[in-house]
Structure formats: C-alpha cells, structure tokens
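The values are calculated or read from the model by the stated rules, or taken from the named source; none is laboratory data. Remember, it's a predicted structure, so these values are computed and weren't measured experimentally. Please note: Cβ atoms are built from the backbone with ideal geometry, for glycine as well, and neighbour counts cover all protein chains shown.
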Amino acid sequence: MAEILEEVTGRRARRAIDENKPVPRETVDRMIEAAHLAASCSNKQPWRFLIGDSGEIRETLQEHLLGGNYWAKKAPVLIAVATREADDCRLNANRNYALFDTGMATAHLILQGTREGLYVHPMAGFDAPALKEALGLDDEIILITVIAVGYPGSEDHLSEKHLESEHSERSRMPVNKVASRSAFPFE
Ligand SMILES: Cc1cc2nc3c(=O)[nH]c(=O)nc-3n(C[C@H](O)[C@H](O)[C@H](O)COP(=O)(O)O)c2cc1C
C-alpha cells in the first residue's frame with residue numbers, strides 16, 4: 001500500500017538541536033538545491049536564501065531572534081528566507097505568487113533536511129524590521145522566515161513548555177475542516 005513519505009510524517013518542528021555537531025556544507029547545499037527545484041509561477045524562482053553557517057551572518061541572524069526562540073541560537077546553521085514583489089508572478093483576482101512559491105521551495109528544503117537526519121525548524125519569531133536593517137535589505141524585500149538547522153541533541157536547555165512540546169502528539173484540525181469534495185470548508 002502506498003504510504004505518505006516518511007519525511008512528511010516524521011518531520012516535526014523540534015528544538016533540541018545539537019550545538020556541537022556541525023552540519024556539513026554539502027548537506028546544506030543539497031537542501032538549497034532541493035528548494036531550488038521547486039515549481040514556481042512562470043518559473044520566476046522568487047526564493048532567496050541567506051545561509052548563516054558561520055561568522056557574521058549567523059551571528060546577525062542569531063541576535064535578531066525573539067526571546068521564545070532562545071533554543072535556535074544553538075543551531076549550527078540558520079537560514080534566512082526572503083522574496084520580493086518585483087519577482088512576483090502577479091495575476092488577476094489577488095493572486096500574488098512570490099510568497100507561495102517561496103513557501104513551496106522552503107518545504108522542499110525542510111523535507112530534504114529531514115531526510116538528512118536534521119531538525120529543520122522555520123521561525124517567524126524574529127525582529128524583522130531590525131534584521132532587515134542589519135542585513136541592508138530594501139523595504140520591498142519580504143524577510144519571511146529564519147530556519148534553524150541542526151542535528152538532534154540534548155534537551156537540557158529546553159524550557160518546560162518546549163520539553164513537553166518536543167514529545168507531544170502532532171496537533172492538527174480534522175481533515176474534513178480543511179478539505180472537502182463539495183465546497184471549500186471555510187467556516
Ligand atoms: C511560518 C512558520 C513560523 C513559525 N515560527 C515559529 C517560531 O518563531 N518559533 C517556534 O518555536 N516555532 C515556530 N514555528 C513552528 C510551528 O509552531 C510548528 O510548525 C507547528 O506548531 C506545528 O508543529 P509541527 O511542525 O511539529 O507539526 C513556525 C512554523 C512556521 C511554518
């Protein structure tokens with residue numbers, strides 16, 4: 001029987017990342033390559049990735065994480081993801097695809113990383129205006145996520161709440177709340 005991909009079922013937004021085990025450059029490069037193979041509207045490829053695996057870029061990304069993402073400061077690799085409207089495939093009826101395409105590419109990156117045995121955890125919890133300024137990004141650039149990447153490690157540094165979530169069941173709405181064969185199930 002066909003099953004859902006192991007990377008899809010096994011992936012979780014985990015936080016117990018090993019700060020002492022480096023992620024090989026080739027592994028990160030494969031994640032970026034997987035992202036870059038994503039589909040995009042008119043093949044615009046609007047995704048852009050900034051890899052912080054050492055030095056100043058990693059430090060800058062670390063410094064702008066919000067307090068709740070303390071655990072991600074230990075990640076050996078942080079990847080910032082951005083896009084911009086100028087690279088958008090803009091169609092009628094409010095259909096703007098830059099974020100959509102960038103999200104699809106990011107999903108590829110996350111699944112490839114999961115396949116490589118990594119925790120790959122996207123975050124919205126960063127000071128976007130300040131980080132944009134620190135990176136010298138124009139207003140038109142949308143800095144959409146910073147992704148923590150690292151191998152599984154000790155849970156010692158996790159808060160009580162995060163420790164619990166590390167072992168929690170996955171929480172999802174029932175599938176019939178999001179998919180239907182009669183009409184869009186918006187409530
Ligand atoms: C766009 C986005 C932003 C997120 N931001 C954060 C964040 O700032 N901090 C955090 O700990 N988790 C963050 N998460 C992880 C989600 O909380 C997590 O994916 C969700 O609770 C579902 O859990 P699961 O990924 O383990 O299935 C984010 C996830 C996404 C996709």
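Would you confirm, using the coordinates I've provided, whether ALA35 is in contact with a Leu (Cβ under 8 Å, 6 or more places away or on another chain) and within 13 Å of the ligand (Cβ to nearest atom)?
For ALA35, the condition - in contact with a Leu (Cβ under 8 Å, 6 or more places away or on another chain) and within 13 Å of the ligand (Cβ to nearest atom) - is not met.
Quick check on the stretch 25-47: of everything there that is part of a loop (DSSP other than H, G, I, E, B) and among the polar types (S, T, N, Q), which residue is nearest to ASP101 (Cα to Cα)?
SER40
Does HIS157 fit the bill of being within 15 Å of the ligand (Cβ to nearest atom) and crowded, with 17+ Cβ neighbours inside 10 Å?
Answer is no for this residue.
Taking PHE126, is it within 11 Å of the ligand (Cβ to nearest atom) and either loosely packed, with under 11 Cβ neighbours inside 10 Å or modelled with pLDDT of 95 or more (or both)?
So PHE126 fits the description; yes.
Conditions tested, residue by residue: (1) on the phi > 0 side of the Ramachandran plot; (2) within 16 Å of the ligand (Cβ to nearest atom); (3) outside any helix (DSSP H, G or I).
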{"site": "VAL23", "(1), (2), (3)": "no, no, yes"}
{"site": "PHE49", "(1), (2), (3)": "no, yes, yes"}
{"site": "ILE57", "(1), (2), (3)": "no, no, no"}
{"site": "THR60", "(1), (2), (3)": "no, no, no"}
{"site": "LYS73", "(1), (2), (3)": "no, yes, no"}
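Determine, yes or no, whether ARG11 is more than 16 Å from the ligand (Cβ to nearest atom), within 18 Å of the chain's Cα centre (by Cα) and in contact (Cβ under 8 Å) with a residue 40 or more places away in the chain.
Against the criterion (more than 16 Å from the ligand (Cβ to nearest atom), within 18 Å of the chain's Cα centre (by Cα) and in contact (Cβ under 8 Å) with a residue 40 or more places away in the chain), ARG11 does not qualify.
Mind counting the residues in the stretch 129-146 that are more than 9 Å from the ligand (Cβ to nearest atom) and either among the β-branched types (Val, Ile, Thr) or touching a Gly at 6+ places or on another chain (Cβ under 9 Å) (or both)?
2
Is it fair to say GLU164 is within 16 Å of the ligand (Cβ to nearest atom), modelled with pLDDT of 95 or more and either surrounded by 10 or more Cβ atoms within 10 Å (Cβ to Cβ) or within 29 Å of ASN96 (Cα to Cα) (or both)?
In short, yes.
Does the stretch 22-35 contain at least one residue that is touching a residue at least 24 places away in the same chain (Cβ under 8 Å), over 14 Å from the mean Cα position of the chain (by Cα) and farther than 22 Å from HIS108 by Cβ?
yes
Of the residues THR102, THR114, THR106, which single one is more than 22 Å from LYS73 (Cα to Cα), crowded, with 18+ Cβ neighbours inside 10 Å, within 13 Å of the ligand (Cβ to nearest atom) and at pLDDT 95 or above?
Result: THR102 is the single residue among THR102, THR114, THR106 that is more than 22 Å from LYS73 (Cα to Cα), crowded, with 18+ Cβ neighbours inside 10 Å, within 13 Å of the ligand (Cβ to nearest atom) and at pLDDT 95 or above.
Filter the stretch 1-21 for residues that are in a loop (DSSP other than H, G, I, E, B) and among the polar types (S, T, N, Q) and give the result.
Listed by number, the list holds a single entry, ASN20.
Filtering the stretch 83-99 down to residues that are hydrophobic (A, V, I, L, M, F, W, C) and away from the ligand (no atom under 13 Å from the Cβ), which residue is surrounded by the fewest Cβ atoms within 10 Å (Cβ to Cβ)?
Restricting to residues being hydrophobic (A, V, I, L, M, F, W, C) and away from the ligand (no atom under 13 Å from the Cβ), the top hit is ALA93.
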